[in-house]
Amino acid sequence: MPASGKPDVVPGRWGSAVGRGVDVGIYPLRESLLATLCIALVACAGGFLVYNRAYAAQLSEMQGDLRRMAQMAASQVDVAGHQQLTSRDQMGSELHQRVLSPLVRMHKAVPEIAYLYTVVRRDGKVHFVLDTSTNAAEIKPIRPVKPSAIMDVYEDADPQMLHALATGEATATDRLYSDEFGVFMSGYAPLRTADGKLVGIVGIDLDQARFYGRMAELRQALFATAVSFSLVALVIGASIFRFRRSALRNELQKRNAENLLLTAEGQLRDFFAHCPAAVAMFDREMRYIRTSRRWMEDYKLGDRNIIGLSHYEVFPNIPQEWKEIHQRTLRGGVENCEQARFERVDGSVQWLRWDLRPWRDSKGEIGGISMFTEDITRRIEAARELLRAKEAAESADRAKSEFLAVMSHEIRTPMNGVIGFTNLLLDTELTAEQREHLTTIRTCGDSLLGIINDILDFSKIESGTLELHPQLFSLADLVRAVSNIFGPQAAEKRLTLETRTAADAPQVVFGDDQRLRQIITNLLGNAIKFTEKGGIELSVEVVDHVRLPLPDAPAHTSASPPVAEDAMCASAVPSPESAAVLTQAMEDGCDTLYTLRFAVRDTGVGVDDETAARLFRPFVQADSSTTRRYGGTGLGLAICKRLVEVMGGDITLESERGKGSTFAFTVRLPAQAPTIEDAEVAAVVHEHEHTTAAASESFPGRIAQEPASARHAEPAKWSDRTAAAGAPAQHPHLPGSVPAHPDDIVPMPPYPISILVAEDNKINQKVAGLMLRGMGYHPVFVDDGQGALDTQETVPYDLIFMDVQMPNVDGLEATRRLRTQFGVEAPPYIVALTADAMSRDRERCYEAGMDDYLSKPLRRSELQNAIKRAAVALGKSGAMHA
């Protein structure tokens, strides 16, 4: 705008008028009125033509429909019977109804038919023969009708009817006609005999009220359209007026926009040149239009002027695949890549993250492409360093796991001989001193095996491979078996050991009894270890219970996230609340999900709060002196904590230095709700336990402590101090209760099966041979897998105990060959014997085709149970009799 505030003079049609200051509004007004009038006239004329054409088209369509309907009706008439109808007396006769019935059916099917009839020409007059109106009660006409009888004269015959009677052509009226019964159009078709002789015609009068109504609607619609067009014309005229009136303003705005565009162009040029990203624009020939300074720096182009040069000239080594990407982008595609290798002009390698997009000109056509790149070379190098560090860490972890597996194998192999021969010697005639020494050896061996198992369990938990194996088991039998194991130790230290199970606790639960036993055993062992006087109590209480199935059974992972200072992580195993576990539990008869609280209370040394806070970390004990005094690895409580967490609970410690400790943990286990009989028995047991505990001095109401006068007397009988449940009882839903010691089993007669043992270690051969012969079997031994293959091919054996690690052909390969050799016909039952104790070793054995798995050192009870399972699988479960 100039300083005066008046707009500049714009050259053009209105330029002179604007320059003279003349009001130009009259010119747009005249043009808009003329345009409005023209549009209104065109709309009216068009509406008139549309109506006429629509009317003619509808009329023509109706004529065609009438001719076709008449011909259809004629085709259904029995012409021979029709010729026999010549007298009014024949009305209602059987012949009349038979010939008329097809027309009646058609009349009923088409409600718009007013009359459907036949006529003949005799004596120069037109006579009715058939008329469906005579059956008005059946056809139910939409309007009042006047029926005609046979040979009634048709007084006012239509010209088209007469034409049809004369020529025999199908025809229809070309206009609407009306009478007191309505508005109609008629169609006619000839009736001919078999030899083609014309004997009459069929006539159809069709009610055209609907057609007449459609034409009226069409007229109304056309009128409304004309009005609408007139309104639209007014709107268009007003728009033309406003458009033309704003012509000068638009021209000025265009000039201002051009000025703004030039300003924006300059701003964009400066931004493009100095933006911190590598950006370049190319035309359709891949010639540079613009580049950012970062582009020049990243690609080492210096101060070289590349505007106008081809991208392929600046970088001659661009591979063909990149050129194809450029072409796809020029065709409208968007291409990008998070990581790409690029070779610079100087030969060095650069890693890029890039994005290519087409840019369009003012017409919307693709004018070229824009390329955005980011140098990620340092990021890639850092990622590679991180990957190398990760691979190194994984390699170290694998080396550690392999070391643990090898050490387990190397230690368990001699331990098999130590513990095996110790157990065998304990079954022989011994002096009291010899038995005491051997018992000490077996105890030490079991302790060493426990340390090995703790280390392996810790490794499994740390690597996330710990697995749960839930099944039904008796809770009372489990508590009783654990207390029986620790009873002698408590009696030896003159301690009382009692168990207390709540009356409402379930008898049968569904869970991993071995892992639960491991937790309780660890806590009871620690309690006895760190208690010098007083006693220990194991209690089981019900915290909560809910009915199954749960409202929404979650896919729950019970493991808590590890704390920062703890290197272990809980494994993602099926928790007690997972859908699969709950489904299996319900299939086994469980109907309730219980939250059980197990507590182990002692009167031992206790710990302070600071020590208690870190006691569940691995390799931590109460103080440095405990390791020297009591021994241990410091892994037991850490393993217990993780086991409790993967079983859906948590573990706590309440302790006071010098007064004792209470370790309590909760687990969530599906169970069978106690029956009335179970509750009564549990109540009696609970009452007896409470009575026994009433004399307690240090644990009122829970644990009875020995009186001071008896502290230096002979140790009390520990079995009298355990829970008052009596001898182990067999639960009706489960196998017999667990014996106090794994090898304290009742001998049973052997099964009628032959046994082959593949074992390369001579000591282990002796141990296995003595155990098996002591059970009444006569095993055959071979030194490797090849020997097992050769022997089995000569004399097939029912049961093969197969060592896994053997020279020449190992146990896994021998098993695979045996399965291939025998197939499904008389296959041997193969039990793995291995000193490896990792979960993946068991899986490898099953994948190779083995049926069962025993880890060394072998125990007689485990060996006997494996033979029993084999006998059942082989169908030879009937024991041999002497």
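The values are calculated or read from the model by the stated rules, or taken from the named source; none is laboratory data. In this text the structure is predicted, and so the values were computed from the model without any measurement. Note that each Cβ is placed from the backbone with ideal geometry, even for glycine, and that neighbours are counted across all protein chains shown. What goes into the accessible areas is simple: the full protein's heavy atoms, side chains included, and nothing from ligands, DNA or RNA. Shrake-Rupley method; radii C 1.70, N 1.55, O 1.52, S 1.80 Å.
I'd like the accessible area for Thr611, computed on protein heavy atoms only with a 1.4 Å probe and all protein chains in place. Round to 10 Å², please.
Thr611 exposes around 10 Å² with every protein chain in place.
Return the equivalent ellipsoid semi-axes of segment 459-539 as a descending list in whole Å, where each equals the square root of 5 times an eigenvalue of the C-alpha gyration tensor.
Gyration-tensor ellipsoid for segment 459-539: 25, 19, 9 Å.
Mind checking the full-extension length gain between Ala149 and Ala166? Use 0.36 nm per residue of separation minus the Cα-Cα distance, one decimal, nm. Can you show the working numbers first?
Working: separation 17, 0.36 × 17 = 6.12 nm, distance 2.28 nm.
Difference between extended and current length: 3.8 nm.
Check each of the trypsin sites (Lys or Arg not before Pro) in segment 286-382 and keep only those in coil by DSSP with at most 12 other C-beta atoms within 10 angstrom; list them in order.
Answer by residue number: Lys300, Arg304, Arg331, Lys363.
Starting from 0.36 nm per residue, how many nanometres of slack lie between Gln514 and Glu391 once their C-alpha separation is accounted for? Mind showing how you got there, number by number?
Values: separation 123, 0.36 × 123 = 44.28 nm, distance 3.51 nm.
Once the chain is fully extended between Gln514 and Glu391, it gains 40.8 nm.
Over segment 31-122, what is the mean sequence separation of C-alpha contacts under 8 Å (at least six apart), divided by residue count, expressed as relative contact order in percent?
Result for segment 31-122 is 21 percent.
Could you work out the pair-distance distribution P(r) of segment 33-139 from its alpha-carbon pairs, with 10 angstrom bin width and percents rounded to whole numbers?
Values per bin, smallest distances first: 12, 31, 22, 11, 10, 8, 5, 1.
List every residue whose amide H lies under 5 Å from the amide H of Ile376, counting only residues 5 or more places away in sequence or on a different chain, with H placed 1.01 Å from N in the peptide plane.
Hits under the 5 Å cutoff: Trp351, Leu352, Arg353.
For the pair Ala277 and Arg304, how long in nm is the line joining their label points, each one 7 Å along Cα→Cβ?
Between Ala277 and Arg304, the label points sit 2.5 nm apart.
State the extension gain, in nm to one decimal, for the chain segment bounded by Ala264 and Arg53, taking 0.36 nm per residue of separation less the distance between their alpha-carbons. Could you put the intermediate results ahead of the total?
Working: separation 211, 0.36 × 211 = 75.96 nm, distance 5.92 nm.
Taking Ala264 through Arg53 to full extension adds about 70.0 nm, to one decimal.
Excluding residues on the same chain fewer than 8 positions from Lys323, give the lysines whose Cα lies under 18 Å from its Cα.
Cross-link targets: none qualify.
When only the heavy atoms of the protein chains count and the probe is 1.4 Å, how do Ser75, Ser133, Ser754 rank by accessible area, highest first?
Reading off the accessible areas and sorting them downward yields Ser75, Ser754, Ser133.
Ranked from the most accessible area to the least, with a 1.4 Å probe and all protein chains present, what is the order of Tyr154, Tyr846, Tyr751?
Tyr846, Tyr154, Tyr751
Once ligands and nucleic acids are excluded and a 1.4 Å probe is used, how much of Lys766 is accessible, expressed in Å² to the nearest 10?
Estimated to the nearest 10 Å², Lys766 gives 120 Å².
Ordering Met281, Met586 by how much accessible area each has at a 1.4 Å probe, largest first, what is the list?
Met586, Met281
Using Cα pairs closer than 8 Å and at least 6 residues apart in sequence, work out the relative contact order for segment 97-184, in percent.
About 22 percent, as a whole number.
Run the quick spin-label model on Val872 and Ser87: label points 7 Å from Cα toward the beta carbon, then report their separation in nm to one decimal.
The modelled label-to-label distance comes out at 10.3 nm.
If you average the alpha carbon positions of segment 173-206 and of segment 255-307, how far apart do those two centres end up, in angstrom?
First find each Cα centre; the distance between them is then 86 Å.
What figure in square angstrom, to the nearest 10, would you give for the accessible area of Phe530 with a 1.4 Å probe?
About 50 Å², rounded to the nearest 10.
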